[in-house]
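Undergrad: The structure that follows is given in the form of C-alpha cells.
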Amino acid sequence: MNSNFSFSSFSEKSLSFIKSLFQSFSYLFFPPSCIVCGEIAEHSLCAVCKSKIDFIQSLPHCKRCSLILHENVECPDCANFELNFSRLVSLFSYSDYGEFVLRKIKFEGKLFVLEAFTYEIQEVVSSIDFDIIVPVPSYISRFVKRGYNPALSMASLFSKISSKPVVFALEKIKNTPSQLDIPKEERLSNPRGAFSVVRNVEGKKILLVDDVATTCSTLSECSKVLREKGADDVIAFALGRTPLLR
Ligand SMILES: [Zn+2]
Ligand SMILES: [Zn+2]
C-alpha cells in the first residue's frame, strides 16, 4: 500500500470529486443566472452587468482611501477623518449597479457572487504585501441571526487565491448599528471601542477585509486596535466604497 495514502485525504478528494460532479449536473439542469438581469452567467453575474459597475481602478480616485474624486482636489475623507490603516483598496463604488450587487451579497446572503470578482481580487493580492488576512467580525447575535458574514467569505476567497491564512484576530464586543443605517455624523463614533484583539498579531502585516467602507471608521478602528497590539502594518480592503455625499 502507498505509504502516503491516508483515509482523510482519500475522503477529502472523493468528497470534492462528488461535489464537482453534483455541481456539473446541477449546472446542466439549473444553470446559474445573473442576479441583475437573469441571463445565464457562470458566477451569477454576467459580463454585461459586470461592465456597468463603476470599478474604482478605472476612475480617478484617492490612492490612500479609494474615494472616487471627480476633480483634482484634496481627498475630503483623508482630510477630515483619522485613518489608521496605511491605505484602503476597494474594488467598486457602492452606488448604482455596484450597490445592487453588494446588497445581494450583504443582505441576501448571495455569497457565491463573490467568485465573479476573483480576477480583480487576484490583482489586489499581487499588489499588496501581507502575512495574514483578518476579516472584520460581526457581533455574534447578528452573525447567528443572519447565518453568514460577507467579510468572512471574502477573507476565505483571499486565502484561496493568496495561500495566506485567515486569522480571526478581532472580536466584536459591542453591538453597534450598521454604518449604512445611521446618519453620516454618527458613523465616526459608532465603531469606537467595538473591537478587541484576541490573537497575537505582533510584527504581522495584515490585510483587513470588509464588505463596504462608508466613512472608513470601522476599518480605521480595527486598524487602530491591531496596531496597538503590535501589528507591523494594516492595509484595508473593502469590496465596495461609498462615494462622496452619502
Ligand atoms: Zn446580467
Ligand atoms: Zn482619501
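Bear in mind these aren't lab numbers, they're just calculated from the coordinates by the rules spelled out. Note that the structure is predicted; figures quoted are calculated from it, not measured. Note that each Cβ is placed from the backbone with ideal geometry, even for glycine, and that neighbours are counted across all protein chains shown.
Undergrad: Just want the answer: with Cβ charges of +1 for Lys and Arg and -1 for Asp and Glu, which residue in Ile105, Val167, Thr118 is farthest toward the dipole's positive end in the stretch 104-194?
TA: Ile105
Undergrad: Can you pull the Kirkwood radius for the stretch 38-175, inverse mean 1/r over Cα pairs, to one decimal in Å?
TA: 16.7 Å
Undergrad: Let me ask something else about it. Each residue of the stretch 54-68 in turn: what ³J(HN,Hα) in whole Hz from Karplus with 6.51, -1.76, 1.60 and θ = phi - 60°, glycine and Pro shown as x?
TA: 7, 6, 4, 4, 8, 10, x, 8, 6, 6, 8, 10, 6, 6, 6
Undergrad: Sticking with this structure for a sec: Gain in length, Glu120 to Arg199, computed as 0.36 nm per residue apart minus the alpha-carbon separation, to one decimal in nm?
TA: Gain in length upon complete extension: 25.5 nm.
Undergrad: Less than 17 Å apart at the alpha-carbon level, and either on another chain or at least 8 residues along: which lysines does that give for Lys205?
TA: By straight Cα distance, Lys205 reaches Lys164, Lys224, Lys229.
Undergrad: Can I ask one more? List the relative contact order of the stretch 107-230 as a percent without decimals, with contacts defined as Cα pairs under 8 Å and 6+ residues apart.
TA: Averaging sequence separation for qualifying contacts and normalising by length gives 30 percent for the stretch 107-230.
Undergrad: How far apart, in nm, are two points set 7 Å out from the Cα along the Cα-to-Cβ line at Lys184 and at Asp129?
TA: Between Lys184 and Asp129, the label points sit 3.6 nm apart.
Undergrad: When the Debye formula is applied to the Cα atoms of the stretch 100-246, each taken as the same point scatterer, what base-10 log of I(q)/I(0) results at q = 0.14, 0.17 Å⁻¹?
TA: Values returned for q = 0.14, 0.17 Å⁻¹ are -0.65, -0.98.
Undergrad: P(r) for the stretch 110-197, please, calculated from all Cα pair distances in 10 Å bins and given in %.
TA: Using 10 Å bins, I get a P(r) of 15, 40, 34, 11 for the stretch 110-197.
Undergrad: Compute the label zone of Phe55 within the stretch 112-135: residues whose backbone N is under 16 Å from the point 7 Å along Cα-to-Cβ.
TA: From the stretch 112-135, the list is 114-127.
Undergrad: What distance in nm lies between label points placed 7 Å from Cα along the C-beta direction at Leu244 and Glu228?
TA: That separation, rounded to one decimal, is 3.2 nm.
Undergrad: I've got another one for you. In whole Å, what are the Cα extents of the stretch 157-215 along the three principal axes, biggest one first?
TA: Principal extents (Cα only, largest first): 38, 23, 17 Å.
Undergrad: Okay, moving on. Taking K and R as +1 and D and E as -1, what net charge do the other residues with C-beta under 10 Å from the C-beta of Ile121 add up to?
TA: Around Ile121, the charge tally is -2.
Undergrad: Let me ask something else about it. Compare the Cα positions of Gly193, Phe158, Ser217 along the charge dipole of the stretch 98-246 (+1 at Cβ of Lys, Arg; -1 at Cβ of Asp, Glu; about the Cα centre) and return the one farthest towards the positive end.
TA: Gly193
Undergrad: Please compute the Cα-Cα pair-distance distribution of the stretch 67-134 with 5 Å bins starting at 0, giving whole percents from short to long.
TA: Values per bin, smallest distances first: 3, 11, 17, 20, 20, 19, 8, 1.
Undergrad: Now a separate question. Counting pairs of alpha carbon atoms under 8 Å apart in space and at least six apart in sequence, what relative contact order in percent does the stretch 72-169 give?
TA: 26 percent
Undergrad: How about the stretch 151-246: which chymotrypsin sites (Phe, Trp or Tyr not before Pro) there are in a DSSP loop, with at most 15 other Cβ atoms within 10 Å of their Cβ?
TA: Passing sites in the stretch 151-246 are Phe168.
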